[in-house]
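Down below is the structure, laid out as C-alpha cells.
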Amino acid sequence: MTLSLTILYPNQDVKFDMHYYLLTHMPLVERGWRSAGLLKWEVTEFGPEADSQKPPYRVANILTWKDETSFNAASTGPTSWGIFEDVPHFSNYQPIFLSGKVVGSA
C-alpha cells in the first residue's frame with residue numbers, strides 16, 4: 001500500500017532557504033531515493049491566512065512512496081545520511097515527520 005510522508009517546518013523563528021531546498025536538497029532526495037521507491041514529491045509554502053495570522057507551519061513536503069517497506073529501507077540505507085545531513089544547509093530546525101498509508105485519492 002502506498003505510503004505518504006509529510007515533512008513539516010514550523011513558522012516560528014525558523015530559517016528556511018526555499019531556493020536551496022528546491023534546487024539542491026530535493027534533487028539530492030531524487031537521486032538518493034527515486035530508485036528506492038520514491039514515487040513523487042510536492043512542496044507547499046504557506047502564506048499568511050486571510051485574517052493575516054501566521055500559519056503554524058511555513059513549509060510542507062509530501063513524499064509519496066511505493067510502500068512502507070521501500071520507505072523504511074531507503075530512510076535507513078546509506079543514501080539517507082547525505083539527505084538528512086543536508087538539513088542544516090537550508091533550515092535551523094529539524095522537521096516534524098508524519099507518515100501514513102494512503103487509503104484514498106482522486
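The values are calculated or read from the model by the stated rules, or taken from the named source; none is laboratory data. The shown structure was predicted, so the numbers you read here are calculated from the model rather than taken from an experiment. Here the Cβ positions follow ideal geometry from the backbone for every residue, glycine too, while neighbour counts run over all protein chains shown.
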Filtering segment 2-32 down to residues that are among the polar types (S, T, N, Q) and closer than 14 Å to Thr44 by Cβ yields Ser4, Thr6, Asn11
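Considering only residues that are at pLDDT 95 or above and either of a type in the set (Val, Ile, Thr) or at negative phi (or both), which ones fall in segment 35-55?
Leu38, Leu39, Lys40, Trp41, Glu42, Val43, Thr44
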How do the pairs read when you match residues in segment 1-25 that are at pLDDT 95 or above and among the small types (Gly, Ala, Ser) with residues anywhere that are buried (at least 16 other Cβ atoms within 10 Å of the Cβ) and part of a strand (DSSP E or B), using Cβ under 7 Å and keeping only pairs 6 or more apart or on different chains? Ser4/Thr64
Top-ranked residue in segment 70-104 [being free of Cβ contacts under 8 Å to residues at least 24 places away in the same chain and among the polar types (S, T, N, Q); ranked as farthest from Leu3 (Cα to Cα)]: Gln94
Taking into account only those residues within segment 6-60 that are of a type in the set (Asp, Glu), out of contact with any Ser or Thr (no Cβ under 8 Å at 6 or more places or on another chain) and in a loop (DSSP other than H, G, I, E, B), which is farthest from Glu85 (Cα to Cα)? Asp51
If we keep only residues of segment 23-54 that are farther than 19 Å from Pro88 by Cα and among the acidic types (Asp, Glu), then the residue surrounded by the fewest Cβ atoms within 10 Å (Cβ to Cβ) is Asp51
Boolean, Ser99 is touching a Ser or Thr at 6+ places or on another chain (Cβ under 9 Å), assigned to a loop (DSSP other than H, G, I, E, B) and not aromatic (Phe, Trp, Tyr): no
